[in-house]
Amino acid sequence: MGKYIAKRILWLIPIVLGVSFIIFSIMYLKPGNPAQLILGSEATQEAIDQLSEEMGLNEPFFVQYFNYMKGLIRGDLGSSYRNGNSVSAEIAARFPVTLRLAAFSILLVCIIGIPIGIISAIRQYSVIDMVSVVLALVLASMPSFWIGLMLMLLFSVQLQLLPPTGADSWINYILPCLTLAAVNLAVVTRMTRSTMLEVIRQDYVRTARAKGAGEGRVVMKHCLKNGMIPVLTIVAIQFSKLIGGAVLVESVFAMPGLGSLLVTAIRSSDTPLIMGSVIVLAIIFTVINLVIDLLYAVIDPRIRAQFAK
Amino acid sequence: MKRDRQQGLKQGKFSAVWRRMKKNRTAMAGLVILIIIILMAIFADLIGDYNEVATKMDIANRLMAPMKKGLFGTDHYGRDVLARIAHGARVSLIIGFGAVLVSLVFGGAIGATAGFYGGRYDNIVMRCMDIIMAIPSTILALAVVAALGGGIFNLMIAIAVADIPNYARVVRSSVLTIRNADYIEAANAVGAGTAHVLARHIIPNVLGPIIVQCTLGIGSSILNAAGLSYIGLGVQAPRPEWGNMLSEAREFIQSAPHLIIIPGIFLALTVLALNLLGDGLRDALDPRLKD
């Protein structure tokens, strides 16, 4: 078990190296001279050349990449081309908004999605089941930003109950969280339904029923405990996807999170900021996936047993 | 002789799939919606000429409600929304199909060779795919667009790049299950070359899961493209695309909500149609569900 965990954690190193290499290469291909960008169109050629030299832009590709990685290890992601602020500081300031958004959304998804999935499975082909299957299909086909716009149209414009933009208080989080939850609800509901349907047909469930266990006890104790493992995995996967998906929803509701930071950075071709945000998002994504895999091994005795020897 | 028999077998397989598809009412509904949208895209110029209607400003008739002027009203420049929806369908479908084609070709080649040759090559290639998958796909597409710039072609590439690992995985796992089948061994035994075995035996037999993945992939590519265009990094105005129509309409959410409702409905309908069709194909292609 210890060996497995160590192996998985060590695997993080090539991932981070690979991801940063890919992003660095993509950004390297980007046309335009950053020195020109910083100094503006009025700058003389000498000034541009001098700044390029100072920034190490004339170095070969691999030297530039190596220097960037040296900074990354120390937590220094360079400074923004636009305002000179430290990229790490900018990201640290924006990250809590995105994290809160993703965390509340996933909580909503669990509170709504899992019970609906369970009920659909227990009462297969009932009205609730039909409605939830259709709803899941429809929600999964809608673009997240459009769901956001429609919620805004209903709650902010028509009913005037909730503010359309901003992130000043918890009220601002309601619409974005609902949007993100709606998009991810479908996956979790479907997964809960299908694993529960599978579990309900198992022999041990029949045995429990034959022994005379009540329906509630059968569902709660025998089915739920065994059916929740894949559901937990999918919830965790959705959580890491949420962090990436928040980009669009943050722009719809003008929330100052990592996603909108990335979008502004791209619009103003602020390469260090783009690279920093993408690498940080990718690292978070990878770490969450690692934690899921480890959790999986901890929760499921069958997987634990594989590594016990 | 041999060729005839194979042709016959193949036709038999396709018509069996089609027979099962026809029984699935939701899948057929998806197919009908998709055909209507494809027809709309093909005949977009008949619905409204690109230069004369879809991108022509007419400030006197701006922000007209649906049915007051044209079927879907007009936008903030007085352009006809129906014509813009039809031309937008063209862009969305081209990007959706194009992105899937690109990632299928590259992902398919990577996955097929990895699954076929196995060993160290397989290991290295699939670890590289893992690294690409470690970047959330929206974010990777954003980064590629940031480097290449907007526009239909770049958008297609950006979305395709992020999807390549998915196709590589599907194709690889299908190839792996088939590689050890008896008929492959038989083909090898009679001296068939690698290329022949790949093209004649492996590819036709892994088509099922790939078709399903592609159908669902077109839908998600359309959503991704619309999302990137919504934040202003994809298809650029004045060319109409459903995502950038939504982003232009956001300012007028109070005065002209139809500008937000209509493009979204078309996006959702198209993707829903593809999802229904994909699910139907999965059931029809799965021999375990055979009637």
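Details
- Filtering the range B:135-179 to residues that are among the β-branched types (Val, Ile, Thr), assigned to a helix (DSSP H, G or I), farther than 17 Å from B:Gly98 by Cα and within 14 Å of chain A (Cβ to nearest Cβ) leaves B:Thr138, B:Ile139.
- Of all residues in the range B:217-248, those satisfying the criterion of being of a type in the set (Gly, Ala, Ser) and more than 9 Å from every other protein chain (Cβ to nearest Cβ) are B:Gly217, B:Ser220, B:Ser221, B:Ala225, B:Ser229, B:Gly234, B:Ala237.
- Any chance B:Ile110 is at pLDDT 90 or above and assigned to a helix (DSSP H, G or I): yes
- For the range A:50-91, the set of residues classified as over 19 Å from A:Val278 (Cα atoms), aliphatic (A, V, I, L, M) and not in a helix (DSSP H, G or I) consists of A:Leu57 only.
- Test: residue in the range A:38-45 that is under 24 Å from A:Ile288 (Cβ atoms) and more than 14 Å from chain B (Cβ to nearest Cβ): no
- Residue, farthest from A:Leu224 (Cα to Cα), within the range A:189-205, restricted to residues that are part of a helix (DSSP H, G or I) and over 26 Å from the mean Cα position of the chain (by Cα): A:Asp203
- Consider the range A:26-56 and keep the residues that are small (Gly, Ala, Ser) and without any contact (Cβ under 8 Å) to a residue 40 or more places away in the chain. The one that is surrounded by the most Cβ atoms within 10 Å (Cβ to Cβ) is A:Ala35.
- Residues that are aliphatic (A, V, I, L, M), at pLDDT below 85 and surrounded by 15 or more Cβ atoms within 10 Å (Cβ to Cβ), drawn from the range A:70-117: A:Leu72, A:Leu77
- Selection status of B:Arg127, assigned to a helix (DSSP H, G or I), of a type outside the set (Val, Ile, Thr) and more than 27 Å from A:Ile237 (Cα to Cα): no
- Residues of the range A:148-185 satisfying the condition of being at pLDDT 85 or above, polar (S, T, N, Q) and surrounded by fewer than 17 Cβ atoms within 10 Å (Cβ to Cβ): none
- Qualifying residues in the range B:227-241 (those that are surrounded by 24 or more Cβ atoms within 10 Å (Cβ to Cβ) and either free of Cβ contacts under 8 Å to residues at least 24 places away in the same chain or touching a strand residue (DSSP E or B) at 6+ places or on another chain (Cβ under 7 Å) (or both)) - the one farthest from A:Ala254 (Cα to Cα): B:Tyr230
- Subset of the range B:56-91 that is β-branched (Val, Ile, Thr) and touching a helix residue (DSSP H, G or I) at 6+ places or on another chain (Cβ under 8 Å) - its residue that is nearest to B:Phe266 (Cα to Cα): B:Ile85
- Those residues of the range B:261-288 which are over 24 Å from B:Leu63 (Cβ atoms), more than 8 Å from chain A (Cβ to nearest Cβ) and among the β-branched types (Val, Ile, Thr), in sequence order: B:Thr270
- Test for B:Arg127: is it more than 19 Å from B:Val197 (Cα to Cα), more than 14 Å from the chain's Cα centre (by Cα), surrounded by fewer than 23 Cβ atoms within 10 Å (Cβ to Cβ) and among the charged types (D, E, K, R): yes
- Note on the range A:98-142: residues that are touching a residue at least 24 places away in the same chain (Cβ under 8 Å) and not in a helix (DSSP H, G or I) total 2.
- If the condition is being more than 8 Å from chain B (Cβ to nearest Cβ), in contact (Cβ under 8 Å) with a residue 24 or more places away in the chain and part of a helix (DSSP H, G or I), then the range A:143-166 contributes A:Ile147, A:Gly148, A:Leu151.
- Test: residue in the range A:262-272 that is under 16 Å from A:Leu242 (Cα atoms) and modelled with pLDDT of 85 or more: yes
- Selected residue (only one of A:Leu242, A:Leu294, A:Leu290, A:Leu273 is touching a helix residue (DSSP H, G or I) at 6+ places or on another chain (Cβ under 7 Å) and farther than 30 Å from A:Met196 by Cα): A:Leu273
- Each residue in the range B:195-216 was checked for being closer than 23 Å to B:Leu34 by Cβ and either more than 14 Å from chain A (Cβ to nearest Cβ) or in a loop (DSSP other than H, G, I, E, B) (or both), and 8 pass.
The values are calculated or read from the model by the stated rules, or taken from the named source; none is laboratory data. No experiment lies behind these values; they were computed from the predicted model shown. For neighbour counting, all protein chains shown are included, and Cβ atoms are generated from backbone atoms with ideal geometry for every residue, glycine included.
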